[in-house]
Amino acid sequence: MSFPSTRLRRLRRTEALRRLTRETRLSRDDLVLPLFAVEGRGVREPVASMPGVHRFSIDQLADEAKAVADLGIPAVILFGVPAAKDARGSGADAADGIAQRAVEAVRRAAPDLCVVTDVCLCEYTDHGHCGLVEDGEVRNDPSLARLAAAAVSHARAGAHVVAPSDMMDGRVGAIRAALDAASFADVAILAYAAKFASAYYGPFREAAESAPAFGDRRGYQLDPPNRREALREMRLDLEEGADVLMVKPALPYLDVLADARRELEAPLAAYHVSGEYAMIHAAAERGWLDGPRAIEEALLAIKRAGADWILTYAAKDVARALRA
């Protein structure tokens, strides 16, 4: 039927009607909060380029984990920022490393939180690349054992989920084999399966102190124009044993996320990355838009495109708003 018999505005007239006909709903259950752990005591250091985001020493991280759990957020993803770095990223799999101690502290402070750990070498290497460097090149196959060792060390510390973000070929299979061999068959893998070489990572690199000392990461992260290749990466990670697949960044790649939702049955995550978060805050500070509404709209778009998990620095603010 057509106008005037069909008037779609009828169901938009009131907030109650809009709630009754809402197709996509954002929930606290969708949220994963990224947290940065640093050395020291009593450290709660603001990240200048990400308003509201801090770097925490282990003692402060435990308090933050309790606050996150109290808000009903189900999971955090931990990034360790070590005091010392070397070419091999030795701190990545150290039993007493910053990420490992962070996992233990969060598990003690908030036993019901799901603890996810970022598995990469970039925070731990003095060159800032995600794999081992030989003769000025990031080498794929030699990096796999280091990544697998880091994942096992995180599992040993108590991680429920390990999340390889390096984009080395074959790393999901190597990590799955290493976890299983070490009796961690129940530890899940959240694969950064479609991670693009994006301009939106700048604030994160400040927080994690992980900017490359030379070159860039375009030789191993996905080329932004490539949509079909992203699906190939995701299928390969599933075949290698990934339990959850991630698209990163989220908003510039909603088409990739929607493709994955149509074609793959696995749970999907999307990372609302530091640059996406920062630019909304920068515009809000200038009065150019309503920050909380813009954040909510961004996360709804990610959910609508097909994400089951949304990694976002706004998780606490959104959880508060949803509980209100």
Exercise for the section: Compute the acute angle (0 to 90°) between the alpha-carbon long axis of helix 291-305 and the principal axis of greatest extent of the alpha-carbon atoms of the chain; round to the nearest 10°. Expected result: 80 degrees
Handout entry: In the stretch 37-83, trypsin sites (Lys or Arg not before Pro) in a DSSP loop with at most 13 other beta-carbon atoms within 10 Å
Key = Arg41
Fill in the blank from the handout: Expressed in angstrom and rounded, the centroid-to-centroid distance over alpha carbons for the stretch 82-124 and the stretch 273-324 is 27 Å
Problem - Dimensionless Rg/Rh of the stretch 46-154 - Kirkwood Rh, Rg from C-alpha atoms - result: 1.02
Fill in the blank from the handout: At q = 0.15, 0.20, 0.23 1/Å the base-10 log of I(q)/I(0) from the Debye formula over the alpha-carbon atoms of the stretch 1-107 is -0.72, -1.05, -1.23
Exercise for the section: Can you tell me the relative contact order of the stretch 1-151? Whole percent, Cα pairs under 8 Å, sequence separation 6 or more. Expected result: 20 percent
Handout entry: Scattering profile of the stretch 151-192 at q = 0.18, 0.25 Å⁻¹ [log10 I(q)/I(0), Debye over alpha-carbon scatterers]
Key = -0.42, -0.80
Completion exercise
Expressed in angstrom, Rg and Dmax over the Cα atoms of the stretch 146-232 are 14.5, 40
Handout entry: Computed over the stretch 123-179, Cα set: Rg, Dmax in Å
Key = 11.4, 36
Handout entry: Percentage relative contact order, the chain, counting C-alpha pairs under 8 Å, at least six apart
Key = 18 percent
Fill in the blank from the handout: Here the alpha-carbon Rg of the stretch 1-64 over 2.2 N^0.38 Å rounds to 2.12
Problem - Cβ-defined net charge surrounding Phe36, 13 Å radius [Lys, Arg +1; Asp, Glu -1] - result: -4
Exercise for the section: Would you mind getting the accessible area per residue of the stretch 228-317, heavy atoms of the protein chains only, 1.4 Å probe, in Å²? Expected result: 45 Å²
Exercise for the section: Could you check how much of the accessible area of the chain is carbon and sulfur, as a whole percent, using a 1.4 Å probe? Expected result: 49 percent
Completion exercise
Between His54 and residues 5 or more places away or on another chain, the pairs with built amide H atoms under 5 Å apart involve Val47
Practice task
Take the alpha-carbon positions of the stretch 74-212, form their convex hull, and give its projected area averaged over all directions (one quarter of the hull surface) in nm².
Solution key: 8.2 nm²
Practice task
With a Förster radius of 30 Å, plug the Cβ-Cβ distance of Lys66 and Asp186 into 1/(1 + (r/R0)^6) and report the FRET value to the nearest 0.05.
Solution key: 0.75
Practice task
For the stretch 180-287, just list the percent of Cα-Cα distances falling in each 10 Å bin from zero outward, please.
Solution key: 13, 39, 32, 14, 2, 0
Practice task
Could you state, as a whole-number percent, how many of the C-alpha pairs of the chain are farther apart than 26 Å?
Solution key: 46 percent
Problem - Low-density loop cleavage sites - chymotrypsin sites (Phe, Trp or Tyr not before Pro) in the stretch 245-293, where at most 12 other Cβ are within 10 Å (DSSP) - result: Trp288
Practice task
Evaluate the stretch 234-322: find the radius of gyration of its Cα atoms, find its Kirkwood radius, and give the ratio Rg to Rh.
Solution key: 1.03
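The values are calculated or read from the model by the stated rules, or taken from the named source; none is laboratory data. Since the model is a prediction, treat every value here as computed from it, not as a measurement. All Cβ positions, even for glycine, are placed from backbone atoms using ideal geometry, and neighbour counts span all protein chains on display. Areas reflect the complete protein model, heavy atoms only, side chains present, ligands, DNA and RNA absent. Shrake-Rupley method; radii C 1.70, N 1.55, O 1.52, S 1.80 Å.
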